[in-house]
1. Could you check segment 134-151 and list, in sequence order, the residues that are surrounded by fewer than 17 Cβ atoms within 10 Å (Cβ to Cβ) and touching a strand residue (DSSP E or B) at 6+ places or on another chain (Cβ under 6 Å)?
2. In the set ILE96, ILE72, which member is surrounded by fewer than 18 Cβ atoms within 10 Å (Cβ to Cβ), modelled with pLDDT of 95 or more and of a type in the set (A, V, I, L, M, F, W, C)?
3. Among GLU31, GLU14, which is closer than 27 Å to PHE171 by Cα, more than 14 Å from the chain's Cα centre (by Cα) and in a loop (DSSP other than H, G, I, E, B)?
4. Residue pairs, Cβ under 8 Å, 6 or more apart or interchain, first in segment 12-36 and under 20 Å from SER166 (Cα atoms) and touching a residue at least 12 places away in the same chain (Cβ under 8 Å), second open to solvent by 90 Å² or more (accessible area, probe 1.4 Å) and not in a strand (DSSP E or B). List them.
5. Can we say SER32 is at pLDDT below 95, among the hydroxyl-bearing types (Ser, Thr, Tyr) and open to solvent by less than 60 Å² (accessible area, probe 1.4 Å)?
6. What about LEU60, is it surrounded by 12 or more Cβ atoms within 10 Å (Cβ to Cβ) and of a type in the set (A, V, I, L, M, F, W, C)?
7. Residue under question is ALA103, and the condition is that it be buried (at least 19 other Cβ atoms within 10 Å of the Cβ) and either under 20 Å from the mean Cα position of the chain (by Cα) or at positive phi (or both); does it hold?
8. Can you say whether SER45 is open to solvent by less than 90 Å² (accessible area, probe 1.4 Å), hydroxyl-bearing (Ser, Thr, Tyr), assigned to a loop (DSSP other than H, G, I, E, B) and within 19 Å of VAL151 (Cα to Cα), as far as the supplied structure shows?
Amino acid sequence: MNLADLTFNTNAGETIERELLIAYLNTGTSESATWSPIGKRVEDSSEEIDWGEETKQDILGHTHTTLKKPTITQTFDPCDLDSGDAAQVKIWNLAIKEQNAPALSNMDMLIVHLYAGTKGSAFAERYSACAVKPSSIGGSGGGNIGLPLDVTYGGERTTGTASITSGVVTFTPDTEA
């Protein structure tokens, strides 16, 4: 499926604010998603995109490069615990209380690119089976308890649009033409 090009919905000549790229964890059910932002209190986090690049040189001396579908990972650190952070509470229960590895490796996530598309209907990509792996728990004395996370986006990728009304995120998948 070939998707139409999108434009950025920001002012020309201005850089795009980091706050316009948000990852959400489904803290509801697969039938009735509740999208909770992940990474509250994280100061710096970027998606790392590994294309599995392979470069070879043929017998004529020509160089050819191939790319595979990307593996996308993201680290959220520090990720301080906060009872008002639904994503952290869900992850803490699955990781620390239950040590539920199968559930942690099958999380439903949504990446919303609020800067792409229209302001009321932003480009979004949903990944059905992400691995959300806490890498530690704790912190320094006098500080906060952190639960840093490593996320590997996986499963089926569904593109679509997301709208946010009064803090509630609604994802609408693209329909195939």
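The values are calculated or read from the model by the stated rules, or taken from the named source; none is laboratory data. Quick caveat: nothing in here was measured; it's all calculated off a predicted structure. FYI the Cβ positions are ideal-geometry reconstructions off the backbone, even for glycines, and counts take in every protein chain you see. The protein model used for the area step is the full one, side chains on, heavy atoms only, and it has no ligands, DNA or RNA in it. Shrake-Rupley method; radii C 1.70, N 1.55, O 1.52, S 1.80 Å.
1. Hits for segment 134-151 are SER135, GLY139, ASN144, ASP150.
2. Going through ILE96, ILE72 in turn, the sole match is ILE96.
3. Details: GLU14 fails: closer than 27 Å to PHE171 by Cα.
GLU31 is the lone residue from the list that is closer than 27 Å to PHE171 by Cα, more than 14 Å from the chain's Cα centre (by Cα) and in a loop (DSSP other than H, G, I, E, B).
4. Here the result reads none, with nothing in segment 12-36 linked to a residue that is open to solvent by 90 Å² or more (accessible area, probe 1.4 Å) and not in a strand (DSSP E or B).
5. no
6. Values: surrounded by 12 or more Cβ atoms within 10 Å (Cβ to Cβ): no; of a type in the set (A, V, I, L, M, F, W, C): yes.
Spelling it out, it is not the case that LEU60 is surrounded by 12 or more Cβ atoms within 10 Å (Cβ to Cβ) and of a type in the set (A, V, I, L, M, F, W, C).
7. no
8. Yes.
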